[in-house]
Structures are given as C-alpha cells and as structure tokens.
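Peer 1: Have a look at this one before I ask anything.
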Amino acid sequence: MTSDITAAVVKLLSDHHGSLDLQRLEQQLRSRAGSFPASELRAALTDEAVVAVREGRRPAGRGQLVGPDSLLVLKTPLRLCQAKSGACARARCERLHLCKYFVSGNCSFGHSCKNSHSLASPHNAVLLQRFGLEELSQKQLFQLLLQNDPFLLPEVCSHYNMGDGPFGNCNFTTSCTKLHVCRHHLQGDCRFGGSCKRAHVLDQHGLKLLQGLSPENTQNLHRIYRNKFIILNQQSAGVSGSLSSSAPRKISISESTHRPPQTPPEPPTTPPKATTDAEGNEICLFFLCRHCSFKERCARVHWHLPYRWQHLAGDGLTWKDIENMEEVEKAYCDPAQNNSCTDQPSALSFFRLMSPASEEHVDFLTMTFRGAPVRRLSTASSVSKPPHFILTTQWLWYWKDERGAWAEYGKGANCAGITSQTLEKMYLADRETAVPFTAGKFQYVLHFEEEKRMHQQNLKTQTQRDVRRRPRFVSAHDVETMRSSGSSSTSCPSLAENLPSHWDKGALPDFGFKLVTLTSSAQDYVNIEKLFRTTMSTSTIKSIQRVQNPSLWKVFQWQKEQMQGRNGGKPVDQRYLFHGTDRTLIQAICEQNFDWRVCGVHGTAYGKGSYFARDASLSNRYAKAGGGLTKVMFVALVLVGQYTQGQGSYVRPPPKRGSGDLYDSCVDRERDPTIFVVFEKQQIYPEYIIKYV
C-alpha cells in the first residue's frame, strides 16, 4: 500500500534528523520495506506534501530528474497554535496545543508551565494521528516541527544579506528581531567561506533570539535552517502557467539499480548572474517602465524586458540567461510550438532529433535546455493590474481542435462562451478548480491541474482536448515604444476629474508624485492631527504632507471598484491607518507604494504582508528618527474590506467559510482589531506623511 510506503519514508527521514539523500533513502527503504512496485515508491517520493527536494551535483540517471545525492527533506502542514493557554477560540483547532519552548527544547517553567507539555492530550493525539505522525518519537516530532513551523524559529534577516556595510541593508542593527547570519552559509552553498563578509557564527544578539532552544538543537541549528530553506524554496517556486516556469521537482525512481551515467551539462561560457528564490520570479514593472526607487532593495527582478529566459547552470545554484531570448519568447508565444526551434523543415526533423544540436533549443513541454531545468521570469499578469498598466503579461488561453489547430477561447466561429481574460482570472484565483463553460450545444469543463495535463472535456462525449496558456508576444522594439508612450499616460484630460477635490490641482505631476505641505488650518490637517493625537498627545507635529500621486490613486480606486463588485455593490470598509517607517523609504513608498518585503521588516505574526495600526502609538515603535530626533509616520487610506484573524504563515488572506472567495485582509483579532495586514498593495494609498518629535 502507498500509505505504508509513505509512513516508511516519514519514519526513515525522521530517523536522520528530517532529511536524507535520495540514494541512501532508496537503499534503506528497500532494505526495510522489502520488495514493492517502483511506482508506489515514486508516488511516495514525489508527494510535495511530504517531501521537499534540493537537487544535488551528481547527474541524474536515465529516467530521473535529480541525481542520487539530491537531498530530500521531510515536510508537514501541522503547526503549533499561537493562542495563549486556554485562549484558543476555534471550535475545531487544527493546530497542536503545545508550549513553544517545550518544542524548542528549553522551557524554563517545566511542570509549572501554563502551556501544555503533553503530546498525549486528546486534542494533540487526534491531530498526530490525522497527520500520520503518531509513530514518531517526541524528539523526531519536534525536529519536524522546527524545520516546518515558521513560528518556532526567528527568520534570517534578508536585508542583512543584501548591500554593503556591517549590517547590509538592515536599518535595525542590534535591535533587529531576525538573525544576522549568512543565509547561504546556513543553506550550505556559501562560496566565500572564511572570507565572506556576512557572519557565519551567531553573535550574542543572535544567541539571545534563540535562547529557547536546547543545547542539542543549537548544535543542529545549521541542519534545521538548511532544511527550512529547502522547504521554503519549494513553496515559493510558484508555477506561472502549464509551460511557463520550472515546475516543482518530480523524482523518478529508477526501475533498475544499474544505469549508465549521463554527461553533465557543459559549463557556461558567459559570466553567471546569480539569482535566488528570495528575489522572486516577477519582473519589476517600475524598473521596466522607467526606474525603481527601491533599487537594490527591490524584491522583484530588474530586467529590461517583460520576460526573461534562464537555465540552471552546472553548479545547480546559478540561473544563467539564455541567448536569443527574444526568439525563444516568440516561439513560446505560439501555442503550436513545443520547443524554440522553429526554422527547421519538417523533412529534417528526424535527423535534427538524432543530432546533438537538438539539445540547443528550449523544450517547452519539459522546460529544459541542454538537459538542464529552465525557468521563465515574467511581469505580473495583466488581469491582476489596472487596465492602464503597461508591460504586464497578457496571457492567452488556447484549446486544440480535432484538426490539431490551436484556437483561442472566445474567438472564431465555434467560440466558447468564455474568454482568455476570464480564464486567466479564474486560474490565478484557484489553480485546482474545474471551470464549466458552454460552446455551441455542448457543455464542457476545463481542468487546470498541471500534473494531469491541462485539458477540457466534453461532458456528453467525454472527449478531451489539450489546453495551453501562452503569453502574447512583445518584442524589444515594442517595449521601447510602450515605454515612451506610457510615460505620459497618467496625464490624460480626465484624470483630474477622478482625483480628490481637496488635492492641489497645481501639484499634479505627469508621473511620480508631489508632496504638498498642509497648513495647520487645512481641513485634512485638522483631521489627521486629531487622529494622531488620540494616542500621541505628548508629541509635537512638525509638519503634515499630502502625497499626490495620480497614478497610485487611480490604481487604488480601481481596486476599490473591484472589491465593491465582489461585495455585491456594497461599500468597502476603508480606514485611515498608521505605519511607522524609516525616512530613507519615503520616496520609494510615495512613488511605488508599500512593499512588505522592503518596508515590512518588523514581524510577520499575522501574515507576510504590509502592517498598519489603528493607533499611532503602536506605529511609533517602528518609526525611525535617523540621525536626528524627527520621526516619520505614514497615514494610509487602506481598503481593509472583510477581514479575519491572521497567522504567521499566511502569504494571502484565507478563504471564507463555505466559499472559495478570500478575505480582503487579516487582523490581530476579529473584535475591535488594532493591527491590519494587507497583502495587495493596490488596497493601500499612502496619503499623508507626519513628521514629529
């Protein structure tokens, strides 16, 4: 039974501190479990809910995608409940009720601790059995939780790992709540060794952040964080289309133990440009259009085209640009093309396939180049941004008819009652859904699941047709044309009519923003001052400035209309909320809005998004004075919409009960919330800046 093999995989990985290389894992599984079909072993090891994979350096054998030295890391969705002892209000809480420090190995309260230390409690025992972990020892279970639950260990500071200087780009120096240590050292791939400018050993501040860990866990910290990063990298490697990016790794277990070795890819001839999952797979629209104010802090990729094709270099770490990138993109935009080779006569196809030159093209079906994985970076989908945004990626959806021709949805004589735009919106909302639609007199259903091949099915005849999602082609010349014409798009005659009536019409830039200093008698000054002094009565306001950015305001209004439409036309809950920040980020926020990966470095207790406070006194804790005494605080207009209590692992709001629709934001508590977490920056307009002492 597959469940028995999965249980054996879980137990074996747990016996080896949560991870093991593929070769040893397969050998020990066979010695323990005896003879069983390779297909069942393959199913167990390709289950992304159970294992995450870091590819090794040794070449994969025939029929395999990863080498025998690839590391497999044990995963679990089980987490600790973050509510205080006895305060969990969930009727059916799906999280363990355990003391965080007990799990970490160093609870100083012992038997007098108010939080549970019992795995055998009815609540915990049911959960362990449900998640298939009841056979693990306490030590094995805690190891598994430490490498999976983001609540248990502090994050590694991403800003410390960027930029120059003793603290990188981190502005909090010794007060940072994240670890100042080389991320690549913990991942096991730092190339600089003892000459690395990042710390490879924790200082006293770092050890203080880890004071809840037992000595044994502290010694194993390198392995725990390495496993955590492998799991996080798998989760962040999103798929942007059935053929548009490198899919999560699938491991093919060999049917025989004797396989001829493959020749590894030849080393690249051009200097590698390293990128990581932390930098994201999305190309920055601001950099593409003119410039990005976040510069090296930007979490998105800076590139001169709305797409970027790369292959994985022989070191298994570095992504290298593919030559003739525009030609590859043009071929990919044609749904009939299976690879980037488009200039070969059909009569030569057999000879070309038999020659080494066949490895020189990108295979769109397997997303490989010279046998190495390929990824396509892209700008955001056009349906996720307002209509006036330029250089977004317009994805088109096609189905293959009975003659083998590809037809776009919503186009042609026998068009379906659904369009590419509608499909794209549904795809981004839920990639596991099935979409029903009508074409002519027949009813169909379209399945998005990539692993099972995207296809549509006739509900009457059960006939299946292939489906593909490909972008509309944009050349380098098109980019230059749109970039030059798009610079004046925000200065259309109707724009001023859609702006707030109290804005200074003489301070409306063609692009970007202008700051308008308010007089103390201005009505919006009075309103913001009153809101600020509710909790900051002893502070002295030096100035209040209004941020006038027509482009951001237009995006904000568009988002408000979208949310109102989803809410049945009812008004959207919008509030003025505070956000304390560093004065060095003012220009970037005013021009490009909040980006939580740059601005939200203060914590992720309720989700990974931008944090806003009802009370100015709370935001005051995070406002940085810089070299002087003056602090800076934003007052943002935020579309909080419908909200729910957040959790640290959230990267977007959870779905509403009994509905596939998501909440609009998360909060610290549902009743009278004081902290709001917003995951979409279109829901935010940074309207005022308060400078105070």
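The values are calculated or read from the model by the stated rules, or taken from the named source; none is laboratory data. Source: prediction; values computed, not measured. Note that we place each Cβ from the backbone using ideal geometry, even for glycine, and neighbour counts take in every protein chain shown.
Peer 1: Scanning region 286-304 for residues that are hydrophobic (A, V, I, L, M, F, W, C) and more than 14 Å from Ser484 (Cα to Cα), which turns out modelled with the highest pLDDT?
Peer 2: If we take residues in region 286-304 being hydrophobic (A, V, I, L, M, F, W, C) and more than 14 Å from Ser484 (Cα to Cα), then Trp303 is modelled with the highest pLDDT.
Peer 1: Which condition breaks for Ala357 when tested against (1) part of a loop (DSSP other than H, G, I, E, B); (2) at pLDDT below 80?
Peer 2: Result: Ala357 fails condition (1) only.
Peer 1: Oh, and also: Is one or more of the residues making up region 532-545 farther than 30 Å from Leu152 by Cβ, surrounded by 22 or more Cβ atoms within 10 Å (Cβ to Cβ), modelled with pLDDT of 85 or more and in the same structural domain as Ile675 (by the TED database)?
Peer 2: Within region 532-545 (the criterion being farther than 30 Å from Leu152 by Cβ, surrounded by 22 or more Cβ atoms within 10 Å (Cβ to Cβ), modelled with pLDDT of 85 or more and in the same structural domain as Ile675 (by the TED database)), the answer is yes, since at least one residue qualifies.
Peer 1: Return the residues of region 10-27 that are under 23 Å from Leu145 (Cβ atoms) and touching a residue at least 60 places away in the same chain (Cβ under 8 Å); say none if nothing qualifies.
Peer 2: Listed by number, the residues that qualify are Val10, Lys11, Leu13, Ser14, Asp15, His17, Gly18, Ser19.
Peer 1: Taking the residues in region 640-693 that are among the small types (Gly, Ala, Ser) and modelled with pLDDT of 90 or more as candidates, determine which candidate is nearest to Tyr606 (Cα to Cα).
Peer 2: Gly646
Peer 1: What tally of residues in region 205-222 results from selecting those that are touching a residue at least 24 places away in the same chain (Cβ under 8 Å) and closer than 15 Å to Cys157 by Cβ?
Peer 2: 4
Peer 1: Quick one: Val572 ticks every box in (1) touching a helix residue (DSSP H, G or I) at 6+ places or on another chain (Cβ under 9 Å); (2) at pLDDT below 90 except a single one, so which number is it?
Peer 2: Looking at each condition in turn, Val572 falls short on (2).
Peer 1: Follow-up question, since we're still on this one. Restricted to region 636-675, and to residues that are more than 23 Å from Leu153 (Cα to Cα) and of a type in the set (Phe, Trp, Tyr), which residue is nearest to the chain's Cα centre (by Cα)?
Peer 2: Filtering region 636-675 for residues that are more than 23 Å from Leu153 (Cα to Cα) and of a type in the set (Phe, Trp, Tyr), the one nearest to the chain's Cα centre (by Cα) comes out as Tyr663.
Peer 1: Could you grab me the full set of residues in region 433-448 that are surrounded by fewer than 16 Cβ atoms within 10 Å (Cβ to Cβ) and in contact with a strand residue (DSSP E or B) (Cβ under 9 Å, 6 or more places away or on another chain)?
Peer 2: The answer is Thr433, Ala434, Pro436, Thr438, Phe442, Gln443, Val445.
Peer 1: For Cys157, are the conditions met, namely being crowded, with 20+ Cβ neighbours inside 10 Å and at pLDDT below 85?
Peer 2: Considered against the rule, which asks whether it is crowded, with 20+ Cβ neighbours inside 10 Å and at pLDDT below 85, Cys157 comes out as no.
Peer 1: Next question, about the same structure. Which of the residues belonging to region 137-151 are crowded, with 21+ Cβ neighbours inside 10 Å and either part of a loop (DSSP other than H, G, I, E, B) or assigned by the TED database to the domain that holds Trp596 (or both)?
Peer 2: Passing the criteria: only Asp149.
Peer 1: What pairs can you find where one residue is in region 609-635 and at positive phi, the other is modelled with pLDDT under 95, and their Cβ atoms are less than 8 Å apart, with a gap of 6+ or different chains?
Peer 2: Cβ pairs passing all conditions: Gly626/Asp582; Gly626/Arg583; Gly626/Thr584.
Peer 1: Would you confirm, using the coordinates I've provided, whether Cys196 is among the hydrophobic types (A, V, I, L, M, F, W, C), under 26 Å from Phe294 (Cα atoms), surrounded by fewer than 19 Cβ atoms within 10 Å (Cβ to Cβ) and out of contact with any Ser or Thr (no Cβ under 8 Å at 6 or more places or on another chain)?
Peer 2: yes
Peer 1: Then there is this: Can we say Asn169 is part of a loop (DSSP other than H, G, I, E, B) and more than 30 Å from Val51 (Cβ to Cβ)?
Peer 2: yes
Peer 1: Would you confirm, using the coordinates I've provided, whether Gln147 is at pLDDT 90 or above and over 23 Å from the mean Cα position of the chain (by Cα)?
Peer 2: The answer is no for Gln147.
Peer 1: To continue, here is another question. I'm trying to understand the selection: among the residues of region 87-98, which are surrounded by fewer than 19 Cβ atoms within 10 Å (Cβ to Cβ) and touching a residue at least 12 places away in the same chain (Cβ under 8 Å)?
Peer 2: Listed by number, the residues that qualify are Cys93, Glu94, His97.
Peer 1: Hey, could you check region 505-514 for residues that are crowded, with 16+ Cβ neighbours inside 10 Å and not basic (Lys, Arg) and say which is nearest to Val635 (Cα to Cα)?
Peer 2: Selected residue: Phe513.
Peer 1: Ok, one more. Check region 556-572 and report whether any residue there is in a loop (DSSP other than H, G, I, E, B), closer than 30 Å to Ser659 by Cβ and of a type in the set (Lys, Arg).
Peer 2: yes
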